[in-house]
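A quick write-up on the structure given underneath.
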Amino acid sequence: MKMGMVIDLEKCIGCRSCMVACKQHNAQPPQTWWNRVFTPGSHRHLTPPAKGVEFFLPVHCQHCENAPCEKVCPVGATYHAEDGAVLIDYERCIGCRYCMSACPYGVRQFNWEDPEKAHVRSEYQEKYHYGYPEDHRHEGRLVYMPLRPKGIVEKCTFCAQYRDKGELPACVRGCPGKARFVGDLDDPNSEVSVMIKQRNAFTLLPEKGTKPTVFYLPPKAKEV
Amino acid sequence: MNAKMKSSMWLSGGVILVAFATWIYQLQEGLILTNMQNSYSWGLYISGLAFFVGNAAGGLVLTSSIYLFGVKKLKPLAKLGALTAFANVTAAMLIVLPDIGKPQRLLNLILHPNFMSPLVWDVIVLNLYALASATYLYILMLPELTGRLAWLSIKVDNVQEFSEKWAKRLAPVALLFAIGIHVVTAWIFSTQGARDWWHSPAMAPDFVSVAIAVGTTVVLLAGALAYGTGEEYQEAFRLLGLIIFMAVCTHLFLMMNDLVIHAWYGSGETQRIMEIAWGHFVWAHIFEVAAPLIGAWLLLQPAVRRSMPRLSFSSGLLIAGVFVHRFLIMPAAYNNIPMTMTPLGLPHTDWSLPIATGRFFPGMSTFIDQYRYIPSSVEVVILLGIVAYALLLILLAIDRLPILVKEKP
Ligand code: SF4
Ligand code: SF4
């Protein structure tokens with residue numbers, strides 16, 4: 001089994017629902033976003049950079065097969081789970097931030113301060129907590145905590161806490177355009193494998209040799 | 001001990017205390033007290049690592065010159081070289097501590113080392129080099145560990161001969177680790193395919209040449225401060241000046257060679273890098289080139305080497321230039337967002353995906369692709385604390401241990 005994701009850019013409407021679902025479900029502190037949706041070429045989201053050109057690009061951890069973040073991690077806190085997801089052990093990470101420099105996709109986020117303090121600083125409603133409420137272990141390692149300790153790095157886990165219960169990642173469930181699909185890349189007949197073959201799927205920054213397991217289906221040109 | 005030395009020690013001690021308290025404060029509050037954020041994740045501390053590692057090269061130059069190439073004139077400076085090397089390599093390790101988000105978990109480096117990580121290699125070579133320079137210093141001091149210091153000494157038949165023999169044996173080993181610390185520290189950066197500014201095979205040899213330049217300057221300055229600029233030391237100083245000048249030229253050559261090759265091809269990445277490096281940071285870049293060159297050229301002049309103020313100024317200029325060079329490791333790496341693409345349907349357009357800062361800045365957007373990093377006062381104080389540590393260690397050792405050669409060379 002090798003987990004993979006396909007994002008159909010033709011279907012993505014740029015609504016950022018997945019961004020918000022991801023943020024809320026994974027209890028991300030203020031200013032921390034594991035998942036970002038932008039309008040390529042434009043400095044303003046949902047604004048076409050040129051007439052007739054507009055599509056939206058969601059980017060989160062690409063769960064690379066040749067993951068530089070995993071290779072640089074001095075203590076093996078970043079690791080590949082059995083199913084191919086790249087996870088961070090919140091008990092192991094020493095917070096050296098080497099992985100943040102190594103990741104070409106800019107998806108890794110550091111806890112610069114205690115999340116509770118960050119809530120106050122950003123004037124979030126007092127005592128308001130969102131997200132999956134319990135610590136979660138995957139293969140024995142602590143990969144999710146509703147309140148992260150300060151000084152460690154975090155990023156997308158493909159929603160390990162939900163997948164272990166047989167549920168889909170929050171972004172997949174929360175997408176109103178139904179643009180996201182997960183499945184087994186090792187199975188040539190899985191929905192994702194077939195889409196990748198038939199629809200000319202591409203990966204981001206292939207020249208970096210990271211071998212992402214997140215694939216994108218190209219959008220058609222739009223008449224805007 | 002003279003009054004000047006005494007007041008320097010007190011001053012360094014004071015700075016260390018303040019810096020230590022600042023670090024405790026930072027431990028409590030988190031790295032929010034620095035001015036780093038997610039898209040600019042290493043700053044002054046890691047530049048400091050590269051800086052101190054470079055300064056530690058003095059020991060390397062001296063031991064290899066004396067024991068491998070037989071340059072006897074430099075012998076009075078041998079212990080000073082080993083001492084500055086030890087002080088700087090330990091300073092390099094110390095400056096990493098405040099950069100670590102969870103220093104209380106550092107034991108994980110021993111319990112769960114990932115041997116693929118250049119950071120683990122660096123921890124290993126830095127420790128080995130610290131050990132090697134301390135051992136080396138000890139062996140050189142052995143013949144003079146008498147009287148008050150006799151308890152430190154070991155029993156051997158002919159202590160002079162023993163010291164000579166082991167110093168010679170240790171020299172090639174120390175040399176290996178010494179080169180290792182520069183190469184491996186450079187690899188931390190240059191293995192990163194994500195950062196075009198770093199991803200260059202020129203970085204490791206360049207780190208070695210910068211280190212030889214600045215490390216030798218540190219020894220020259222320390223030697224002049226300790227012994228004065230009397231005639232009997234001029235030959236040694238002249239040799240050091242020559243080594244410094246050649247190393248600076250090699251460094252500038254390696255740097256320019258890399259720039260020319262990339263700039264000539266004119267790819268998008270290089271253009272972006274050049275815009276950052278030569279745009280906002282143009283004066284810093286001019287300084288990083290001019291200061292070491294002028295400093296090294298001045299040190300070639302006999303009149304400069306004979307005058308304490310002029311020698312200090314030239315050495316200081318060179319060291320400052322190298323410090324700025326180390327600072328500039330970061331901006332062109334972090335302000336050039338790796339996730340930059342040509343959007344479908346828009347050929348010849350570069351577009352960078354903004355990164356979430358991860359911390360609240362009043363009046364600044366959460367998603368950014370450019371950031372002006374200026375170190376916070378906490379970062380500056382902690383860095384000064386580490387400089388003070390190296391200084392205090394050197395002063396204390398000179399005061400308490402037989403570091404300086406009493407008789408004329
Ligand atoms: S996208 Fe970045 S964080 Fe995710 S696996 Fe790849 S290199 Fe690591
Ligand atoms: S910050 Fe944590 S996960 Fe990243 S490289 Fe350092 S120890 Fe590993």
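Applying the selection to the stretch A:91-112, what residues are of a type outside the set (D, E, K, R) and within 7 Å of ligand 1 (Cβ to nearest atom)? Talk me through it step by step, then tell me what you get.
Let us first name the residues in the stretch A:91-112 that are of a type outside the set (D, E, K, R), namely A:93-96, A:98-107, A:109-112.
If the condition is that a residue be of a type outside the set (D, E, K, R) and within 7 Å of ligand 1 (Cβ to nearest atom), then A:99, A:102, A:103, A:104, A:105, A:107 are the ones that fit.
One residue stands out in the stretch A:3-36 among those that are within 8 Å of chain B (Cβ to nearest Cβ) and either within 16 Å of ligand 1 (Cβ to nearest atom) or among the hydroxyl-bearing types (Ser, Thr, Tyr) (or both): the one that is farthest from residue A:155 (Cα to Cα), namely A:36.
Among all positions in the stretch B:60-80, there is no residue which is more than 25 Å from residue A:118 (Cα to Cα) and within 14 Å of chain A (Cβ to nearest Cβ).
Please work out if residue A:126 is acidic (Asp, Glu), more than 16 Å from ligand 1 (Cβ to nearest atom) and buried (at least 16 other Cβ atoms within 10 Å of the Cβ). No; evaluated as a whole, the condition is false for this residue. Restricted to helices (runs of 4 or more DSSP H) entirely inside the stretch B:1-83, those with at least 2 residues that are modelled with pLDDT of 95 or more and open to solvent by 40 Å² or more (accessible area, probe 1.4 Å) are B:3-29. Of the residues making up the stretch A:88-110, those that are more than 10 Å from ligand 2 (Cβ to nearest atom) and not acidic (Asp, Glu) are A:104, A:105, A:106, A:107, A:109. More than 16 Å from ligand 2 (Cβ to nearest atom), open to solvent by less than 30 Å² (accessible area, probe 1.4 Å) and assigned to a strand (DSSP E or B) - does that describe any residue in the stretch A:189-197? There is no residue in the stretch A:189-197 that is more than 16 Å from ligand 2 (Cβ to nearest atom), open to solvent by less than 30 Å² (accessible area, probe 1.4 Å) and assigned to a strand (DSSP E or B). Mind listing just one residue for me: the one in the stretch B:5-53 that is aromatic (Phe, Trp, Tyr) and under 22 Å from residue B:368 (Cα atoms) and, of those, farthest from the other protein chains (Cβ to nearest Cβ)? Per the stated criteria, the residue is B:40.
Restricting the search to strands (runs of 3 or more DSSP E) fully inside the stretch A:125-185 and requiring at least 1 residues that are of a type in the set (A, V, I, L, M) gives A:141-144, A:180-184. Considering the conditions (1) within 30 Å of residue B:320 (Cβ to Cβ); (2) within 14 Å of chain A (Cβ to nearest Cβ), residue B:183 is excluded by exactly one of them, (2). All told, residue A:150 falls short of being within 16 Å of ligand 1 (Cβ to nearest atom), open to solvent by 40 Å² or more (accessible area, probe 1.4 Å) and at the interface with another protein chain (Cβ under 9 Å from one of its Cβ atoms). Within the stretch B:373-380, one or more residues are open to solvent by less than 50 Å² (accessible area, probe 1.4 Å), touching a residue at least 60 places away in the same chain (Cβ under 8 Å) and among the hydrophobic types (A, V, I, L, M, F, W, C).
Scan the stretch B:115-139 for residues that are open to solvent by 20 Å² or more (accessible area, probe 1.4 Å) and within 14 Å of another protein chain (Cβ to nearest Cβ) and report the count. Write out each step before concluding.
So in the stretch B:115-139, the residues open to solvent by 20 Å² or more (accessible area, probe 1.4 Å) come out as B:115-116, B:119, B:121, B:123-125, B:127-128, B:131, B:134-135, B:138.
If we keep only those that are within 14 Å of another protein chain (Cβ to nearest Cβ) as well, we get B:115-116, B:119, B:121, B:123-125, B:127.
Counting residues in the stretch B:115-139 that are open to solvent by 20 Å² or more (accessible area, probe 1.4 Å) and within 14 Å of another protein chain (Cβ to nearest Cβ) gives 8.
The values are calculated or read from the model by the stated rules, or taken from the named source; none is laboratory data. It should be emphasised that the depicted structure is a prediction, and the values quoted were computed from it without experimental measurement. Cβ coordinates were reconstructed from backbone atoms using ideal geometry, including for glycine residues, and neighbour counts include every protein chain displayed. With ligands, DNA and RNA removed, areas are computed over all heavy atoms of the protein, side chains included. Shrake-Rupley method; radii C 1.70, N 1.55, O 1.52, S 1.80 Å.
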